[in-house]
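Data first, discussion second: the structure below is written as C-alpha cells.
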Amino acid sequence: MTGYYCPGCGAMRLVNALTHGHVGAAFGFNPLLFLLLPVFGYLYVRWTVLSARGRPMWSALFRPVPVYSFVGVVAVYWIVRNLPFAHALAP
C-alpha cells in the first residue's frame, strides 16, 4: 500500500522457497526471518513439549531485555531495508 517493505515482506516467498529446497533464494527473500527461524523453531518445540506435560510456557527469551532487543532489531531492519543503499535486503 505504501510502497515500503515491511519487516515481514518476503516471508511467504521464503517459506515457499524453503519447502522447495531453495535455501539461497529463501535467504534472499527475508534474511532476518531466515536467521530467526531456528529461534522460532526452538520456541515452538519448547511450547509443544511443555504443553504436553501440562506446564506453562516459559523461556528466558521472554524477559524484557531480549524482547525489547528483538523489537529494536526488527525496527532497525524495517528502516534499513527501505534505504537506497540496502537493496540486498529487499525481497
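In segment 48-66, what residues are under 21 Å from Gly8 (Cβ atoms) and either in contact with a strand residue (DSSP E or B) (Cβ under 9 Å, 6 or more places away or on another chain) or open to solvent by 60 Å² or more (accessible area, probe 1.4 Å) (or both)?
Result: Leu61, Phe62.
Under 8 Å between Cβ atoms, at least 6 apart or on separate chains: pull out the pairs that start in segment 58-87 with a residue that is under 17 Å from Val39 (Cα atoms) and end on any residue that is open to solvent by 70 Å² or more (accessible area, probe 1.4 Å) and aliphatic (A, V, I, L, M).
From residues that are under 17 Å from Val39 (Cα atoms), the pairs are Val67/Leu61.
Residue by residue, here is whether (1) more than 18 Å from the chain's Cα centre (by Cα); (2) over 25 Å from Gly24 (Cβ atoms); (3) acidic (Asp, Glu) holds:
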{"site": "Thr48", "(1), (2), (3)": "yes, yes, no"}
{"site": "Gly54", "(1), (2), (3)": "yes, yes, no"}
{"site": "Leu61", "(1), (2), (3)": "no, yes, no"}
{"site": "Pro64", "(1), (2), (3)": "yes, yes, no"}
{"site": "Gly72", "(1), (2), (3)": "no, yes, no"}
{"site": "Leu83", "(1), (2), (3)": "yes, no, no"}
{"site": "Ala88", "(1), (2), (3)": "no, no, no"}
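What's the total number of residues in segment 1-23 that are more than 20 Å from Trp78 (Cβ to Cβ) and either open to solvent by 60 Å² or more (accessible area, probe 1.4 Å) or touching a Ser or Thr at 6+ places or on another chain (Cβ under 6 Å) (or both)?
Residues meeting the conditions: 6.
Read through the list (1) exposed (fewer than 11 other Cβ atoms within 10 Å of the Cβ); (2) among the hydrophobic types (A, V, I, L, M, F, W, C); (3) more than 16 Å from the chain's Cα centre (by Cα), then give the number of the only condition that Phe40 fails.
Here Phe40 clears every test but (3).
Just wondering, is there one or more residues in segment 73-88 that are under 25 Å from Leu14 (Cα atoms), open to solvent by less than 80 Å² (accessible area, probe 1.4 Å), among the aliphatic types (A, V, I, L, M) and assigned to a loop (DSSP other than H, G, I, E, B)?
Checked against the condition, which is being under 25 Å from Leu14 (Cα atoms), open to solvent by less than 80 Å² (accessible area, probe 1.4 Å), among the aliphatic types (A, V, I, L, M) and assigned to a loop (DSSP other than H, G, I, E, B), segment 73-88 yields at least one hit.
When you scan segment 28-47, do you find a residue that is among the charged types (D, E, K, R) and within 21 Å of Tyr4 (Cβ to Cβ), even just one?
No, that holds for no residue.
The values are calculated or read from the model by the stated rules, or taken from the named source; none is laboratory data. Since the structure is predicted, the reported quantities are computational estimates derived from the model, not experimental observations. Using ideal geometry, Cβ is built from the backbone for each residue, glycine included, and neighbour counts are taken over all protein chains shown. Side chains are part of the model used for accessible areas, which takes the heavy atoms of the whole protein and leaves out ligands, DNA and RNA. Shrake-Rupley method; radii C 1.70, N 1.55, O 1.52, S 1.80 Å.
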